[in-house]
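In what follows, a single structure is set out as structure tokens and then discussed.
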Amino acid sequence: MSVLEINDIYKSFDDLKVLKGITLHVDEGEVVAIIGPSGGGKSTLLRCATTLTDIDSGSIKIAGIDLDYKDKKSIAAVRGKFGLVFQNFNLFPHYSVRRNITEALVSVHKKSKEEANAICDELLAKMDLSDKGDAYPCNLSGGQQQRVSIARALAASPDILFFDEPTSALDPELTAGVLNVIKELAVEKMTMVIVTHEMNFARDVADRIIFMNGGVIVEEGPAMEVINNPKHERTKAFLAGY
Ligand SMILES: Nc1ncnc2c1ncn2[C@@H]1O[C@H](COP(=O)(O)OP(=O)(O)O)[C@@H](O)[C@H]1O
Ligand SMILES: [Mg+2]
């Protein structure tokens, strides 16, 4: 079953055509990496799929729910089905780590404080942050902050996780910890769509790689094949830069 069904979506900002007919289906348990040069529309695609930007045409379905941008109920229902991790962590600076993770569980998902705290403790342990529940984001390293935002994204048991360049803001020595957490999630068969510039990671962890440029999918296929044996000239040129 496809957890994510994006069908022929188009998106322009004024005269700028950013997405020009993107179709992407992601199966349960599948890990898809999206690679490609800056400005190719990768973030816009994720933003469209995660209710942050509306589309001009086409359709998006997550966990069987049609995303209708004109219907607040549809948007709310879809929002309950995915988690999203940004490049810059996007944690609330004035909330403790624990509150960052539990806030939506209590206010949106109507969990009791006890339930929310139990989920939080489990996720903090998984992220190797058990002693950081009372810390504030500013007192954590970038890698720790990103692991908190992964914990937050996981808190409501999403059907799919989206990552937009989760390690691009991190020093190399902090990148590995975050990539390892994502690798572990892949082993657990979490369905994930990951925009990344980490080509080795994409090859090792993704089932499928999508190469996007100029608002279209230029090439896609099994991760090994796309990285080791790209077919299109544009993909070859892009990968040659790594
Ligand atoms: N909100 C916006 N308004 C106007 N232009 C935008 C907006 N968001 C993205 N763009 C433009 O869309 C193009 C694709 O951007 P983006 O999706 O961020 O690409 P990528 O993530 O692949 O680098 C770029 O030319 C960018 O300037
Ligand atoms: Mg981007």
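Quick one: which residues, 5+ away or cross-chain, put their amide H under 5 Å from the amide H of G221? H built at 1.01 Å from N.
Here the answer is I209, since their amide H atoms fall under 5 Å of that of G221.
Compute the accessible area per residue over the chain, keeping the other protein chains in place, probe 1.4 Å, unit Å².
48 Å²
Which net charge results when you count Lys and Arg as +1 and Asp and Glu as -1 among the other residues whose beta-carbon is under 11 Å from that of N88?
Spelling it out: positives minus negatives among the neighbours equals -2.
Report ³J(HN,Hα) in whole Hz for each residue of the range 58-64, in order, from the Karplus equation J = 6.51 cos²θ - 1.76 cosθ + 1.60 where θ = phi - 60°; Gly and Pro get x.
x, 9, 9, 9, 10, 6, x
Return the Rg/Rh value of the chain, two decimal places, where both radii are evaluated on C-alpha atoms and Rh is the Kirkwood radius.
Reported Rg/Rh (Cα atoms, Kirkwood Rh): 0.96.
Could you state, as a whole-number percent, how many of the C-alpha pairs of the range 136-230 are farther apart than 24 Å?
Looking at the range 136-230, the distances longer than 24 Å represent 25 percent of pairs.
Taking all protein chains in place and a 1.4 Å probe, what share, in percent, of the accessible surface of the chain do carbon and sulfur account for?
48 percent
Calculate one ³J(HN,Hα) per residue across the range 22-35 by plugging θ = phi - 60° into the Karplus curve 6.51 cos²θ - 1.76 cosθ + 1.60, and present them in order as whole Hz with x for glycine and proline.
Those phi angles translate into 9, 10, 8, 10, 10, 7, 4, x, 8, 10, 10, 9, 10, 10 Hz.
Divide by every residue of the chain the summed helix terms, -39500 (n - 2.57) for each DSSP H run of at least 4, and state the resulting mean residue ellipticity at 222 nm, rounded to the nearest 500 deg cm²/dmol.
-11000 deg cm²/dmol, from helical runs alone.
Across the range 128-137, in residue order, what do the Karplus-derived ³J(HN,Hα) couplings come to in whole Hz, using 6.51 cos²θ - 1.76 cosθ + 1.60 with θ = phi - 60° and x for Gly and Pro?
Computed from phi, the couplings for the range 128-137 are 6, 10, 4, 8, 10, x, 8, 6, 10, x Hz.
Check cross-link reach from K189 to the aspartates and glutamates: straight Cα distance under 13 Å, and skip same-chain residues fewer than eight apart.
Leaving aside aspartates and glutamates fewer than 8 places away in the same chain, those within reach of K189 are D27, E28, E30, D159, D207.
In debye to the nearest 20, how big a dipole does the range 93-171 give about its Cα centre with +1 on each Lys and Arg Cβ and -1 on each Asp and Glu Cβ?
Here the size comes out at about 260 debye.
Tilt of helix 142-154 relative to the longest C-alpha principal axis of the chain, in degrees (0 to 90, nearest 10)?
90 degrees
The values are calculated or read from the model by the stated rules, or taken from the named source; none is laboratory data. Source: prediction; values computed, not measured. In this analysis, Cβ positions are derived from the backbone assuming ideal geometry, glycine residues included, and neighbour counts consider all displayed protein chains. Side chains are part of the model used for accessible areas, which takes the heavy atoms of the whole protein and leaves out ligands, DNA and RNA. Shrake-Rupley method; radii C 1.70, N 1.55, O 1.52, S 1.80 Å.
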